[in-house]
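Notes to accompany the following structure.
The values are calculated or read from the model by the stated rules, or taken from the named source; none is laboratory data. All values derive from a computational prediction rather than experimental measurement. A quick note on method: Cβ atoms are made from the backbone with ideal geometry, for glycine too, and the neighbour counts reach across all protein chains shown.
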Amino acid sequence: MKLTVICLDMKIDNLKQFEKFLKSRIPSREALFVGDLGLKRAKYLMRLLGNPQNKIRVIHVAGTSGKGSTVHLLSHLLQSQGFSVGMSISPHMFDIRERFQINNKLTDEKIVLKYFNQILPKILQMEKCKFGMPTFFEINIALAYYIFAQEKLDYAVMETGLGGTLDATNTVSSKNKICIITKIGLDHTEILGNTLTKIADQKAGIIQKNNIVISTQQAASVRAAVSKKCQQKNARLYFVNKKNYSIISSTPRETIFNFNYSCHPELVSGSKKASSAPIEIPKRVRKDNTLSLKNIHLGLIGVHQAENCSAALCCLVIASERDDFNINEKALRQSLENISIAGRCEIKKIARQTVIIDGAHNPQKMKSFAENLSAIFPQQKFSFILAFKKGKDFQKMLNQIIPLADKILLTHFSTKNMDNHWSSIDNEEIATFLKSQKFKNFEIINNKHSDILQNVRMSKKPVVITGSLYLVGKIYPYLKK
C-alpha cells in the first residue's frame, strides 16, 4: 500500500485529516486478502490497545445476505430497551462515522478524534513490526472496538466485512459473544470458496468457544457446516425458521408479520452432550420472557426483512435471559415501526416520480429484491439505473431484473474512501450480455447529478436504483438534495 510520510507524534485535528490518513492505508488489491496475516495483524493491534473487544458484550453478525439489516435492527432493538449500543457496519455510504455509531447516530467528531489520537501511536508503531501497518479496514474496526469500550457501552453490534474466519472483526475471544449467521449464498467465491459449504465454513469462523449462535434458515449444506462448527466450539446453536414468523402483508410502506419465540437450542450431531431428550429453554425465558408478538409493524420493506428481524428478536430474547432484563414490548414495537435503513428497499418520491433504492449486489439479494418488487408492485414494469462492482455475477442479477425492466440505464462508479479502490464493471460488457438476451431498450449514461435526475424526471415508469451499495452511496446525495 502507498504510505504517506508520518512522524510518531503526529496528531489528527479534523475528520478530513482522519480520512486522509485512512486513505493512505488502503492496500493494493493483492494485499487486501492475504490469508491469516491480516487477522494476525488485527489481533496484534488489539493487543497493543489492551484488547478492548473483550471488554464489551459483542454481538457478531456474518452472512451473505441480510447481515447489514440485521445489525441495524438489533442495534435499534437493544437501544429501545434502554441500553447504550455501538454499531459498526461496512461499507459506509455517506460518512466514515457510520462505521462506529453510538445509539444509532454518528459519533460526534470530537469523540472520534479524541479516541483515534489515543490509538494513533500504536498504529504508527506497527509500521516496523513483522505484520506491517494495519489497513484502512483494520484501523476502523480497532477504533470501533476502542470507542465502544472506552465509552463503556452495554453492547457492540459488529458486522463482518467479508467472510468471518479471517475478518478483522474476528478478534473477540470472549465466551460471552453472541453470533448471528444470516442467509448464506454464493458470493465472493474467488476468496471464500466456490461451494456453499466452503463459504459457510468461512462465515461460521466467527464462532468461538462457548458462544451462543443464532442462524436464519439455511440450505442443508450450510446448516451442517454451522452445526459442525458449533460442535467443535461447544457453542449453543439456535435456528430461526418460518415456524417463528408469518407474513401478514408487505406494502410500499411497511412489512407486517407475527413472531413467536420458540427457538430451542439444536442438538448438534456427534456432540458428547447430545441425548434423545430435547434441550430445555431456561425457565425464565419460557415462563417470564417468552416473546409472542402479533401484528408487528416493521418500517422496512420486503418479506425478507421479517426473517432478518426475527433473528434479531430471537437474539434479544436470548440476551434478556443471559443478561437478566425484561423486554419492554411497547418500546420494541415503536422502535421497529420507526426504523429505516438507507439503501434497503427504500421507496421515495423524487421529482414527482416513484424511486425505489436498494443496494442488492449479489444474485441472492437481487432475487429477493425482484420478488419483493413484483409482490409490492404487481404487473408493474420499471426503469432500472444499474452498476455492478467488478467481480460480481452480473449476468445472474440481470436475469432477475430483465423480466421487470421496461428500460435499463447503465451507469458507473468508483470509490476512493473505502477499504479498497472499487470500481464498476465495464458497461460495454453488460451491454453485450443484454443484447445476447434480446433486451434492446437500454443505454449507457453518466453518473453525474444532472444526468441521474434528468433520467428520473423523464422516466415513464417507476425508477429502480440497484446493483451495488457503492452505486447507491454515489447517487443518494443527489437524490436527497
* Please specify each residue of segment 310-320 satisfying the condition of being more than 15 Å from ASP154 (Cα to Cα) and more than 20 Å from the chain's Cα centre (by Cα). => VAL317, ILE318
* Checking SER423 against (1) closer than 26 Å to GLU254 by Cα; (2) modelled with pLDDT under 95; (3) not acidic (Asp, Glu), which test does it fail? -> (1)
* To do: Give the residue, chosen from LYS233, LYS283, that is modelled with pLDDT under 70, assigned by TED's automatic domain parsing to the domain that holds GLN334 and charged (D, E, K, R).
  => LYS283
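From the list GLY63, GLY82, exactly one residue is crowded, with 24+ Cβ neighbours inside 10 Å and within 30 Å of SER340 (Cβ to Cβ). Which is it? Please lay out each step first, then the result.
On the way: GLY82 fails: crowded, with 24+ Cβ neighbours inside 10 Å.
It is GLY63.
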* Asked: Which is in the same structural domain as VAL112 (by TED's automatic domain parsing), closer than 14 Å to GLN53 by Cβ, in contact with a Lys or Arg (Cβ under 7 Å, 6 or more places away or on another chain) and at pLDDT 95 or above, of ALA149, ALA142?
  -> ALA149
* Structure fact -> Restricted to segment 23-50 and to residues being touching a residue at least 24 places away in the same chain (Cβ under 8 Å) and not in a helix (DSSP H, G or I), the residue farthest from the chain's Cα centre (by Cα) is LEU49
* Identity of the residue in segment 354-389, farther than 23 Å from LYS183 by Cβ and in a loop (DSSP other than H, G, I, E, B), that ends up farthest from the chain's Cα centre (by Cα) -> GLN379
* Asked: Yes or no: GLN305 more than 16 Å from SER215 (Cβ to Cβ), assigned by TED's automatic domain parsing to the domain that holds LYS242, within 18 Å of the chain's Cα centre (by Cα) and assigned to a helix (DSSP H, G or I)?
  -> yes
* **Qualifying residues in segment 254-263 (those that are free of Cβ contacts under 8 Å to residues at least 60 places away in the same chain and not in a strand (DSSP E or B)) - the one nearest to SER335 (Cα to Cα)** => TYR261
* **Residues of segment 321-353 classified as within 23 Å of the chain's Cα centre (by Cα), surrounded by fewer than 19 Cβ atoms within 10 Å (Cβ to Cβ) and among the polar types (S, T, N, Q), total** => 3
* Structure fact -> The residue that is nearest to the chain's Cα centre (by Cα), considering only those in segment 444-481 that are under 15 Å from ILE401 (Cα atoms) and not β-branched (Val, Ile, Thr), is SER468
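So which helices (runs of 4 or more DSSP H) are wholly in segment 127-229 and hold at least 2 residues that are surrounded by 24 or more Cβ atoms within 10 Å (Cβ to Cβ)? Explain how you work it out, then say what you get.
On the way: elements: 136-150, 189-192, 196-203.
Counting at least 2 such residues, we get 136-150, 196-203.
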* Please name all residue pairs, on different chains or six or more residues apart, with Cβ atoms under 8 Å, provided the first residue is in segment 422-444 and is over 13 Å from PHE394 (Cβ atoms) and outside the structural domain of ILE385 (by TED's automatic domain parsing) and the second residue is of a type in the set (A, V, I, L, M) and surrounded by 13 or more Cβ atoms within 10 Å (Cβ to Cβ). => none
* Consider only pairs whose beta carbons are under 7 Å apart and that are at least six residues apart or on different chains; among these, list those whose first residue lies in segment 318-330 and is within 17 Å of HIS76 (Cβ to Cβ) and whose second residue is in a loop (DSSP other than H, G, I, E, B). => SER320/ASN289; SER320/ASN326; SER320/ILE327; PHE325/GLN81; ILE327/GLN81; ILE327/ASN289; ILE327/LEU291; ASN328/GLN81
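Kindly indicate which of HIS60, HIS76, HIS92 is outside any helix (DSSP H, G or I), outside the structural domain of ASN362 (by TED's automatic domain parsing) and closer than 30 Å to ASN328 by Cα.
On the way: HIS76 fails: outside any helix (DSSP H, G or I); HIS92 fails: closer than 30 Å to ASN328 by Cα.
Every option except HIS60 fails the conditions.
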